[in-house]
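A short write-up of the structure that comes next.
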Amino acid sequence: METKIYKPKTFNLSGLNGISDKTLEMHFKLYEGYVKGTNDLTERIAEILSDGRVDQEEMPAYSELTRRLGFEYNGMVLHEYYFGNMKKDGGGEPQRSSELRGSVERSFPSFDIWKTDFTSVGKMRGVGWSIAFLDPTTGRVSNHWIELHQTGAVAGFVPLVVMDVWEHAYLLDYKPADRPKYIEAFLSNIDWDAVERRMPNVPAMATAR
Ligand SMILES: [Fe+2]
């Protein structure tokens, strides 16, 4: 059985505004650690299952490995979303005619108020992520605080804009208290076309739940 199911992706992000190449290189290594962690957990759980059962004495190890799955999996996947929604010479705003912009403006009084909410979520104390999700059943966008990597996400919602606000994302470039400057830098690098491509094809977009 193939257990090394995930391979680290590569991202060409050199020359971003306000997020140094040094930070990115360190961050890519951290991300690769989550890919390895996900593969290792999968492999170890498969080993326990290899005799067809989970014995009583295996239960503590099995439980701990299984509890860590959400952390490692999301550590891998969210970093892919994060690196994947930035580019050199990015930033600005999504086009007025875009599906994304339409969804944001149906969900908030204005694009700017969505941005205020998204950046304010990112400034919350704690270790985690600010993520703008789309509810694929209604087409509504909502911003969420994700604690660590895995707490607070809504099942089935689609991540659109994903911002890492763990200190490792900016500590080489900014002081811990200067997280708002990093957030500003992140916004100036957003690849809105990449975000737009994440919009699911929802036939009944904007219909009420
Ligand atoms: Fe990170």
With the convex hull built on the alpha-carbon atoms of the range 28-186, volume per residue in Å³ sits at 141 Å³
On the accessible surface of the range 1-141, probed at 1.4 Å with all protein chains in place, carbon and sulfur together account for a percent value of 52 percent
Here the FRET efficiency for residue 4 versus residue 26, based on Cβ atoms and R0 = 30 Å and rounded to 0.05, is 0.80
Note to self, the chain gives a 222 nm [θ] from helices alone (DSSP H runs n ≥ 4, -39500 (n - 2.57) apiece, / all residues, nearest 500) of -14500 deg cm²/dmol
Inter-part gap, Cα centre of the range 108-130 to Cα centre of the range 32-73, in whole angstrom, is 34 Å
By the Cα gyration tensor axes a ≥ b ≥ c (a/c under 1.5 gives rounded; else a/b larger than b/c gives prolate, otherwise oblate), the shape of the range 1-79 is prolate
The aspartates and glutamates whose Cα lies under 18 Å from the Cα of residue 175, excluding any fewer than 8 residues away in the same chain, are 21, 164, 167, 184
Any residue on another chain or 5+ positions along whose placed amide H is under 5 Å from the amide H of residue 160 is listed here as 132, 133, 134
Under the 7 Å Cα-to-Cβ spin-label approximation, residue 197 and residue 110 lie apart by a distance in nanometres of 3.1 nm
Hits in the range 19-50: amide N under 12 Å from the 7 Å Cα→Cβ extension of residue 58, namely 44-50
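The values are calculated or read from the model by the stated rules, or taken from the named source; none is laboratory data. Because the structure is a prediction, the values reported are computed rather than measured. Counting neighbours? That spans all protein chains shown, and the Cβs are built from the backbone with ideal geometry, glycine included. Note: accessible area is taken over every heavy atom of the protein model, side chains too, but ligands, DNA and RNA are not part of it. Shrake-Rupley method; radii C 1.70, N 1.55, O 1.52, S 1.80 Å.
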